Amino acid sequence: MTIATAHARPNIALIKYWGKRDEVLMLPQTGSLSMTLDILPTTTTVELTPAHEVDTFILGGTTASQVETERVTRFLDLVRELAGSTTRATVRSRNEAPTAAGMASSAAGFAALAAAASAAYGLELDSRALSRLARRGSGSAARSVIDGFAVWHAGVDDETSFAEAVEAPPMRLVSVAVNAPRKKVSSRDAMRHTALTSPFHSAWVDSTARDLEEMQAACRAQDFTRIGELTESNALRMHAVTQSAQPAIRYLLPESIAVFNAVQELRDGGLEAYATADAGPHVFVLSQPEDASAVSDALASLGEVRIAGPGLGVRIEGQGTS
Ligand code: DP6
């Protein structure tokens with residue numbers, strides 16, 4: 001194949017990944033667990049261009065910056081190494097998620113790029129190999145390869161650090177996009193800075209490993225209440241550890257805290273909902289399917305709301321010879 005297109009969707013971690021133990025292989029310090037969403041897809045086409053001397057990256061219809069293109073080239077180099085190729089490529093990518101605003105677009109982006117590039121270069125990778133490859137682009141992308149709910153095993157090396165599906169009860173995530181500016185610190189830089197400067201980082205790593213075990217047990221038991229409690233407390237601990245770095249990194253804005261408070265009030269009023277947030281100000285609220293509309297209505301005055309269900313992992317949508 002010389003051209004292939006893939007679709008992938010963002011995922012939101014219910015147990016977060018925040019810290020690497022190997023920055024080259026992108027091995028995390030702990031495992032994590034996520035829901036792949038059925039909204040905000042990224043579509044990426046990779047076309048081999050034997051006549052070109054460099055890779056080209058077109059993002060949302062315009063040529064990407066040098067920094068973004070270099071990140072894509074470094075990723076394509078991994079694919080070329082696996083495929084024994086030196087051919088350059090043109091990558092065209094479109095995503096519906098607000099880029100770099102904490103809506104997990106890098107996860108969908110690298111999952112789609114891993115699938116499209118490996119197909120274009122003629123590799124036949126199974127889900128585990130694809131998850132390992134996507135991980136090299138962005139850690140959380142390892143999980144967007146998988147349908148529905150995924151656990152990303154921390155592993156001990158490249159082979160053992162991959163995501164796979166886990167059973168979980170039916171759930172929805174209501175995304176609440178607050179009116180806020182583009183984030184200033186990337187997850188990658190922020191997690192490195194946190195690990196280096198927060199006196200609480202090792203406690204975060206230890207407690208997250210325990211949270212993940214409990215979360216997997218709660219998923220097996222279909223215990224929505226426990227899943228929700230773990231989701232919210234793990235997220236708040238991640239934000240606590242970023243704020244304990246020196247200098248502090250704060251992703252949650254007053255608008256985000258207002259959503260967490262409103263979710264607490266919903267619970268006090270008997271509507272079960274639990275909040276989480278990634279490296280940005282937007283909040284995602286976990287509920288049971290039958291409560292999602294009520295949760296969404298209750299939070300609509302605090303941001304732009306959307307209800308997401310569990311979505312498909314990465315899919316190849318077309319391939320051929322150009
Ligand atoms: C807060 O996967 O974006 O969303 O591996 O450096 O590319 P890199 O980081 P990235 O970090 C995601 C952090 C998070 C939590 C999570 O998704 O688990």
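No lab work stands behind these numbers, since they all come straight from the coordinates. A quick note: this is a predicted structure, and the numbers were derived from the prediction, not measured. Here the Cβ positions follow ideal geometry from the backbone for every residue, glycine too, while neighbour counts run over all protein chains shown.
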Given H placed on each backbone N at 1.01 Å, which residues far from SER161 in sequence or on other chains put an amide H within less than 5 Å of it?
VAL156
For LEU59, other-chain or 5+-apart residues with amide H closer than 5 Å (H placed, Pro excluded) are ALA64, SER93
Give me a comma-separated list of calculated 3J(HN,Hα) values for the stretch 248-264, in order, Karplus coefficients 6.51, -1.76, 1.60 applied at θ = phi - 60°, integers in Hz, x for any Gly or Pro.
5, 10, 10, 9, 7, 9, x, 5, 6, 4, 4, 5, 4, 5, 5, 5, 4
Karplus ³J(HN,Hα) for the stretch 273-285 (6.51 cos²θ - 1.76 cosθ + 1.60, θ = phi - 60°; Hz, whole; x = Gly/Pro) runs 8, 9, 9, 9, 8, 8, 7, x, x, 6, 10, 10, 10
Crossing angle, helix 187-197 versus the chain [Cα axis fit, 0-90 degrees, rounded to tens]
60
What do you get for the angle between helix 127-137 and the principal long axis of the chain? Use alpha-carbon atoms, 0 to 90 degrees, nearest ten.
90
Roughly how many whole Å is it from the C-alpha centroid of the stretch 1-42 to that of the stretch 168-239?
14
How large is ³J(HN,Hα) for each residue in the stretch 238-246, as worked out from phi by the Karplus curve 6.51 cos²θ - 1.76 cosθ + 1.60 (θ = phi - 60°), to whole Hz, x for Gly and Pro?
4, 5, 5, 6, 5, 6, 8, 6, 10
For the stretch 269-322 and the stretch 110-134, what is the centre-to-centre distance using only Cα atoms, to the nearest Å?
26
Please give, to one decimal in nm, the separation of the simple spin-label points placed at SER293 and THR87, each 7 Å out from Cα toward the Cβ.
5.1
What's the longest uninterrupted piece of the chain once you rule out the GluC sites (Glu not before Pro) that are loop residues per DSSP with at most 11 other Cβ within 10 Å?
168-322
